[in-house]
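Pasting in a structure now, in structure tokens, and then I'll have a few things to ask.
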């Protein structure tokens, strides 16, 4: 039990901090709560991150990890004993070769399936990793695992950890912005939650259609001066309440969010309005054309956001869960994201921003080399696979023009440079100047971290 004098001292310190906040005014308080640009744990090239999340689980076998042996076994029967025989009866499982041809690209000789017509043009800027394994083949828990390090949700998202560790660059914009699909990914907003971190570190989703943020513009009859006066009054009332309830981070976050929202009314409209971009840039990203318009807008907006100082942007592309008709499904999905992603990398590079922007391309798991046959034996697809997946990185101090790790001859399991997702998380934080073992938050009686209980740096992904 603490002695009374200690409690009085702690109480006096808390009261002093709140009084100091009241003296500096709401803008200063908001700045303190939101966090200014902080000093990273070590020197790094990356200052921000764009995470391209391919929800549904892209097939590594049909994108960046060719398997000639699998093609040779196409439609031979698969069973657990490893024996195969030619068969087409219902209820059985069969090896499924990729419907796509592969070719090498760039001086590095990276592997691309042929639908990737544009991304292959920046092959020498990419670092492929084929050794990743995850812990779940269930979509919601797998999404949580990749995004938060915890399969069961409730923990902070990767972007929340990054903004907690590095602070804000632009006080007029959220540090962590999410660009979801029309429908949220499986698991919903918990994929970008602040978890047990202070509430101001949660991701801010921008709507893909209509106004990116509801009620972004104040009613015309209110006016900025009157709105400012109302917020000042609300801040005084909240500070008075806070003096009697110290260490209430929900109230502190709410106070900060009101001020941030006020500033965002001035900044956000200019950032999200793509009409200021040249026709050449819009065409380059595929904006205004199908099927690239939706993801092209997200990639272009991601570039504009990091250019304005947003720390972490996560852009979602969905429907990669191809259990059947993989040639059509993956072919269409690749076409929708191929041009926009290549444009994003090229645009950042031309602006001198690629080295300070870490780009991540990842789904929640890979896919199997086998599947049951449907629709009379013509509907070839793949099931979920936690033991093998391919992701790639670009910029931000990654090892450009390199491929690390390998899967077995059929693409069923990673066999070289094998690491769990927590090691990928540790590596991403390192590239942004953060040490996972030092980036902790005390909660529920212990210090917690993104990797849950520590992880290993994947040195082969670093330049």
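Once Rh for segment 307-383 is found with the Kirkwood sum over Cα pairs, what is the Stokes-Einstein diffusion coefficient at 10 °C and 1.306 mPa s, in µm²/s?
Working: Rh = 15.0 Å.
Using the Kirkwood radius from Cα pairs, D works out to 106 µm²/s.
Label residue 278 and residue 152 with points 7 Å out from Cα along Cα→Cβ: what is the distance between them in nm?
5.4 nm
Separate question: Multiply the residue gap between residue 108 and residue 444 by 0.36 nm, knock off their C-alpha separation, and tell me the result in nm, one decimal place.
Details: separation 336, 0.36 × 336 = 120.96 nm, distance 4.76 nm.
The span from residue 108 to residue 444 would gain 116.2 nm if fully extended.
Please compute the length gained on full extension between residue 39 and residue 74, using 0.36 nm multiplied by the number of residues separating them and subtracting their Cα-Cα distance.
Working: separation 35, 0.36 × 35 = 12.60 nm, distance 5.37 nm.
Additional length available on full extension: 7.2 nm.
Another one. Starting from the Cα-Cα distance between residue 383 and residue 332, subtract it from 0.36 nm times their residue separation and give me the gain in nm to one decimal.
Numbers: separation 51, 0.36 × 51 = 18.36 nm, distance 1.85 nm.
That pair, residue 383 and residue 332, stretches by 16.5 nm at full extension.
Between residue 417 and residue 356, what FRET efficiency comes out of the Förster formula 1/(1 + (r/R0)^6) with R0 = 25 Å and r the beta carbon distance, rounded to 0.05?
Values: r = 26 Å, r/R0 = 1.06.
Efficiency, rounded to the nearest 0.05: 0.40.
A further question on this structure: Give the calculated FRET efficiency between residue 349 and residue 437 to the nearest 0.05, with a Förster radius of 35 Å applied to their Cβ-Cβ distance.
Details: r = 33 Å, r/R0 = 0.93.
Using R0 = 35 Å, I get an efficiency of 0.60.
What nm distance separates the two modelled labels at residue 289 and residue 101, each placed 7 Å from Cα along Cα→Cβ?
Going by the 7 Å Cα→Cβ label model, 2.3 nm.
Per-residue counts of other Cβ atoms within 10 Å, averaged by peptide: what ranking do you get for 393-404, 159-170, 327-338, highest first? All intermediate terms of the calculation are to be shown ahead of the outcome.
Working: 393-404: 21.5, 159-170: 24.3, 327-338: 19.7.
Ranked by mean Cβ neighbours within 10 Å, highest first: 159-170, 393-404, 327-338.
Here is a follow-up. Got a sec? Which residues in segment 273-311 would a label at residue 117 touch, if it sits 7 Å along Cα→Cβ and we count backbone N under 11 Å?
Those under the cut-off are 291.
Bear in mind these aren't lab numbers, they're just calculated from the coordinates by the rules spelled out. All values reported here derive from a predicted model rather than from experimental measurement. Glycine also receives a Cβ, built like all others from the backbone with ideal geometry; neighbour counts cover every protein chain displayed.
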